[in-house]
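Take a look at the structure below.
The values are calculated or read from the model by the stated rules, or taken from the named source; none is laboratory data. Since we're looking at a predicted model, the values are computed, not measured. Cβ sites come from the backbone with ideal geometry, for glycine too, and all protein chains shown count toward neighbours.
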There are 2 protein chains.
Amino acid sequence: MEAVAGTKKILVIGAGRSSSSLIKYLLDNAEENSWLIRVGDSDLALAQEKVGSHVCGEAFEFNALDSDIRRVELAKVDLVISMLPARFHVEVTKDCIALKKDVITPSYVSAEMKALHQEAIAAGIVVMNEIGVDPGIDHMSAKHVLDQIADSGGKMKIFESFTGGLVAPNSDNNPWNYKFTWNPRNVVLAGQGGAAKFIQEGKYKYIPYNKLFRRTEVIDIDGYGKFEGYANRDSLGYRSIYGLEDIPTIYRGTLRRVGFCRAWDAFVQLGATDDSYTLEGSENMTYREFINSFLAYNPHDSVELKLKSYLKIDQDDPLWDKLEWLGIFEDIKIGLKNATPAQVLQKILEGKWSLDPSDQDMIVMWHKFVYELDDEIKEINSSMVHIGADQVYTAMSDTVGIPVAICGKLILNGTINAKGVQVPVTKDIYEPILSELQEIGIKFTETEVESPVLYA
Amino acid sequence: MEAVAGTKKILVIGAGRSSSSLIKYLLDNAEENSWLIRVGDSDLALAQEKVGSHVCGEAFEFNALDSDIRRVELAKVDLVISMLPARFHVEVTKDCIALKKDVITPSYVSAEMKALHQEAIAAGIVVMNEIGVDPGIDHMSAKHVLDQIADSGGKMKIFESFTGGLVAPNSDNNPWNYKFTWNPRNVVLAGQGGAAKFIQEGKYKYIPYNKLFRRTEVIDIDGYGKFEGYANRDSLGYRSIYGLEDIPTIYRGTLRRVGFCRAWDAFVQLGATDDSYTLEGSENMTYREFINSFLAYNPHDSVELKLKSYLKIDQDDPLWDKLEWLGIFEDIKIGLKNATPAQVLQKILEGKWSLDPSDQDMIVMWHKFVYELDDEIKEINSSMVHIGADQVYTAMSDTVGIPVAICGKLILNGTINAKGVQVPVTKDIYEPILSELQEIGIKFTETEVESPVLYA
């Protein structure tokens, strides 16, 4: 399409898995809004696949890490959406400041990014971050309720928030009730790198990695059944983000289906999730030998019995079925050179936890708000479940990409006027985005809990 | 003393705890050998205390980290003994190479130190390292037996080696059977920083930190009773040091009294040994609140019951007495600002595990050698127990310092002729040192085990 007068140009940097729904939304809304969507990726075929033959779209080969090439492309457009890995956003943003282009990233605001706030204001641009699903929809849906409570004069006592990327119920056909719907490496390493920290009734609480998957909380979502949540690394930082500096209890976590964490903990206890050293001779090891490398030597006993004894697993414990089903006791060659335990485990899991072509994924989010109003304790639960259409337009892709896309629209049409480095925690930003998400079907159900109690 | 013709001058850098027995040995043997012992420390009083009024000793204030001052002092002497923290040895050694002075350190050979080998040879000096207790006496006593086995035509099957710094039996009066006899911080952090690695019957084995203190091995030393050993981080590197590249089983560990490790594991499981983050408000926390910070919130249950439930500690488990005895449930203020869990735990332990003025310490070392000779399996155990005289001439100070001192004598009198960067694993070095250690009473008992078996 030749750009006509009044056409707004949007550059999407990166056409990977997380950009599918983003690009689709932008293209679907392009004609109505007079947009031209330029999709650049180092892999041209990937960009072409996402754009298809849409008249308002242009796919091109783009090395966004080359600053000269990057500046030329940024200069051409009205809005930049960076779907690059998080570490590259700061460089892109510096160019956007120089060129006075608004920019959106779904990623966490780094300290370096935060430092660009005044420069961005001076350039008259907005640098919107944390506007995917987690972070993103979690912020918006939580602040939506938190602001209502504050407006009513309520005083927050407990805020809990859980998010999980899972497999949809109709595709949920393995004993773990789990499949990889996102980066498998992050799933294997989840919870490593420091104790989980939160605060409960004014008491700081710390959970080391070796206990993380045994300190879960169970929640029930109407129509979807039970989930369990383990603590995210840092819940404390969210106090300042949400303006809850004095809240006695704040806890954020990740959701799995009930029973997952207890079984996963077997790998944690074994040391099979360790990414800090490489296994001797990993290439020629079998899955069984991998497990055996964490168990004491014995010339007679089976790997199975040694594992049961070591981790005190009862004969009839259902977690055993989960472990066996993964094939960890089989004589299958690993075939990875100089692999860490975490890399080997990931390979084993990828053979079992991969989505089938017809599988759908699911994003689940759940918030709990307990507050005091007129000397009464009140509780609101808010939940959202979103199921992906297929393996391109996944729930993950939808919930990451669509809020980014909507935000882009609202910046271009002037609904969002904020400047500087922002996250979507103010009403002017979250309200119109949540409202359109709801129309699309990504919606929260808020329910008031009857007879809530602070702590029994 | 005025140095007379023929007097050899020895510089001891550092007059701290680990230098006591070293300096005593050197002074005791100074007249006979025509030595002048110069003891330099940044704390002059400390150096003076160690030298006393001995006619062959000179204490002086010495900032060994100032390279100009250092070179002047190194130039004056015939032999340098660096008892500085390990990270400073390389700088001292570079100067010793430039000035052609022999140098001894008790510390591990770093990669940087190793790189100085050819330069040291070119300078015609020896840089002797790893000649304290562990590393040091362990190398020498192990190689003494290993070389005998090799000479007899035996083929090594299993080598295990354990060392522990403990409290002497007559001072052993607490439920942990343990007191701090060395750097408490190292004891609290022991085992952190990576999985323990060893090889057993040709199978590589890995133990993560969260299981390290539950994979102990019990040994019995005649006259001293039972000890338990947990695995050191890297046993594999010792294969090349000892020329045991093809040995199917090698395992090195640290000794404690039986029951220590299982109780210590309670702190590991809680996360109380973590040194990677600081506790919020640690200054005003009590010991009890410290323990509670690792336990789930509950408005009614006691810290004691929550701990028992969390770690599955039976009502009648003797490890409970150990925990209670430490005072961890008491309302005592910690009084440390911005402290890590490990720092708080260290403070609690220092209040209980400190040596009384009349207490003695004990070094225990035990080796197991299993080998095949003439189609027969044979086993030798070798053990050494050394008890300190008092709190200055401790077992630790003796076993670190006396081999260093003897080595110094043997270098000065020409018995040791090796040049370059060395560790004491060859007969010419270990034989005369072990022989003199034995005269002094630091001696190994080697026993042949009747009807040994490889693995039952």
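Here is a yes/no grid of residues against (1) within 28 Å of the chain's Cα centre (by Cα); (2) under 22 Å from residue A:258 (Cβ atoms); (3) of a type outside the set (Val, Ile, Thr):
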{"site": "A:322", "(1), (2), (3)": "yes, yes, yes"}
{"site": "A:334", "(1), (2), (3)": "no, no, no"}
{"site": "A:347", "(1), (2), (3)": "yes, no, yes"}
{"site": "A:355", "(1), (2), (3)": "yes, yes, yes"}
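Looking at the stretch A:242-252, can you tell me whether even one residue there is within 13 Å of chain B (Cβ to nearest Cβ), hydrophobic (A, V, I, L, M, F, W, C), out of contact with any His (no Cβ under 9 Å at 6 or more places or on another chain) and free of Cβ contacts under 8 Å to residues at least 24 places away in the same chain? Full working, then the answer.
Taking the stretch A:242-252 as the starting set, the residues that turn out to be within 13 Å of chain B (Cβ to nearest Cβ) are A:248-251.
Then keep just the ones that are hydrophobic (A, V, I, L, M, F, W, C); that gives A:250.
From the residues that got through so far, the ones that are out of contact with any His (no Cβ under 9 Å at 6 or more places or on another chain) too are A:250.
Restricting the remaining residues to those that are free of Cβ contacts under 8 Å to residues at least 24 places away in the same chain gives none.
No: zero hits.
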Of the conditions (1) surrounded by fewer than 19 Cβ atoms within 10 Å (Cβ to Cβ); (2) under 20 Å from residue B:256 (Cβ atoms), residue B:338 fails just one. Which one is it?
-> (2)
Which of the residues belonging to the stretch B:218-234 are at pLDDT below 95 and within 12 Å of chain A (Cβ to nearest Cβ)?
-> B:233, B:234
Leading residue by the ranking (farthest from residue B:170 (Cα to Cα)) among those in the stretch B:358-384 that are surrounded by 18 or more Cβ atoms within 10 Å (Cβ to Cβ) and aliphatic (A, V, I, L, M) | B:370
Mind listing just one residue for me: the one in the stretch A:146-184 that is of a type in the set (Val, Ile, Thr) and over 22 Å from the mean Cα position of the chain (by Cα) and, of those, nearest to residue A:448 (Cα to Cα)?
-> A:149
Kindly provide the set of residues from the stretch B:254-263 that are outside any strand (DSSP E or B) and of a type in the set (A, V, I, L, M, F, W, C), ordered by number.
-> B:258, B:260, B:261, B:263
Consider residue B:265 against the criteria (1) more than 7 Å from chain A (Cβ to nearest Cβ); (2) within 12 Å of residue B:339 (Cβ to Cβ): it satisfies all of them except one. Which criterion is unmet?
-> (2)
Taking the stretch B:269-306 as the region of interest, how many residues are away from chain A (no Cβ under 12 Å) and either surrounded by 19 or more Cβ atoms within 10 Å (Cβ to Cβ) or closer than 30 Å to residue A:312 by Cα (or both)?
-> 4
May I ask you to list the residues in the stretch A:193-206 that are more than 8 Å from chain B (Cβ to nearest Cβ), buried (at least 18 other Cβ atoms within 10 Å of the Cβ) and of a type outside the set (A, V, I, L, M)?
-> A:198
If you check residue B:211 against the conditions, is it more than 19 Å from residue B:454 (Cα to Cα) and more than 10 Å from every other protein chain (Cβ to nearest Cβ)?
-> no
All but one of (1) within 14 Å of chain B (Cβ to nearest Cβ); (2) farther than 15 Å from residue A:244 by Cα hold for residue A:158, so report the exception by its number.
-> (2)
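Surrounded by 15 or more Cβ atoms within 10 Å (Cβ to Cβ) and closer than 27 Å to residue B:385 by Cβ, is that true of residue B:145?
When the stated conditions are applied, residue B:145 passes them.
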Residue among A:45, A:59, A:64 that alone is of a type in the set (Gly, Ala, Ser) and without any contact (Cβ under 8 Å) to a residue 12 or more places away in the chain = A:45
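Here's the yes/no breakdown for (1) at pLDDT below 95; (2) charged (D, E, K, R); (3) out of contact with any strand residue (DSSP E or B) (no Cβ under 9 Å at 6 or more places or on another chain):
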residue	(1), (2), (3)
B:350	no, yes, yes
B:366	no, no, no
B:380	no, no, no
B:391	yes, no, no
B:394	no, no, no
B:404	no, no, no
B:419	no, yes, no
B:424	no, no, no
Would you mind telling me which numbered condition in (1) farther than 30 Å from residue A:449 by Cβ; (2) outside any loop (DSSP other than H, G, I, E, B) residue A:416 fails?
-> (2)
Answer with yes or no whether residue B:190 is among the aliphatic types (A, V, I, L, M), within 22 Å of the chain's Cα centre (by Cα), surrounded by 16 or more Cβ atoms within 10 Å (Cβ to Cβ) and within 23 Å of residue B:360 (Cα to Cα).
-> yes
